[in-house]
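Q: First, the structure itself, so that you have it in front of you.
FYI, it's all coordinate maths here, none of it is from the lab. What you are looking at is a predicted structure, and each value in this text was computed from that prediction instead of being measured. Backbone-built Cβ (ideal geometry, glycine too); neighbour counts: all protein chains shown.
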Amino acid sequence: MLDIAWSELALIGAVALIVIGPKDLPKALRTMGYWVRKARLLAGEFQRHVDDMVREAELDDVKKQVDQLGRTDLKREIENTIDPTGDINKALRIDEPPPSLASIDEAKPVTEPVPVPEVSPTTASTPGEQGTKP
């Protein structure tokens with residue numbers, strides 16, 4: 001950042017000693033240390049905010065990519081990746097598909113109706129005639 005060599009720093013210290021004087025130099029150095037500390041804290045806070053903004057921007061980009069992946073047809077993408085020309089699909093294709101469950105459900109039952117015996121009025125018994133035959 002600030003590229004100051006030790007020799008340059010010693011020159012600045014000597015000039016400060018002459019200009020400020022030995023009596024007020026410790027107070028000036030303390031005040032300068034206070035302001036440097038404040039500047040570093042502000043710079044650190046600014047850097048954290050910039051990092052947060054970058055992180056949020058990256059998260060927005062990742063969210064857009066995830067949303068875009070959600071809109072793609074995953075099955076078609078996998079098929080295109082594995083078999084882009086369709087040769088494998090053609091080789092595995094069967095000419096007649098097996099019957100589906102829907103066609104089995106639609107089939108009519110083969111059972112025949114059971115005949116019901118007819119009851120004639122002469123063979124029918126009334127409640128009081130049980131046990132007697134005509």
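Q: So, counting K/R as plus one and D/E as minus one, what does the shell of residues with Cβ under 12 Å around P84 add up to?
A: Numbers: positive: R76; negative: E77, E79, D83, D87.
Local charge sum for P84: -3.
Q: Just grab the label-to-label distance for M53 and I88, each label 7 Å out from Cα along the Cβ direction, in nm (one decimal).
A: 4.8
Q: Additional query: If you scale each eigenvalue of the Cα gyration tensor by 5 and take the root, what three semi-axes come out for segment 9-79, rounded to whole angstrom and sorted largest first? Display every interim value, and only then the final one.
A: Working: eigenvalues 700, 25, 6 Å².
Gyration-tensor ellipsoid for segment 9-79: 59, 11, 5 Å.
Q: For segment 1-90, which trypsin sites (Lys or Arg not before Pro) pass both filters: DSSP loop (anything but H, G, I, E, B) and at most 13 other C-beta atoms within 10 Å?
A: K23
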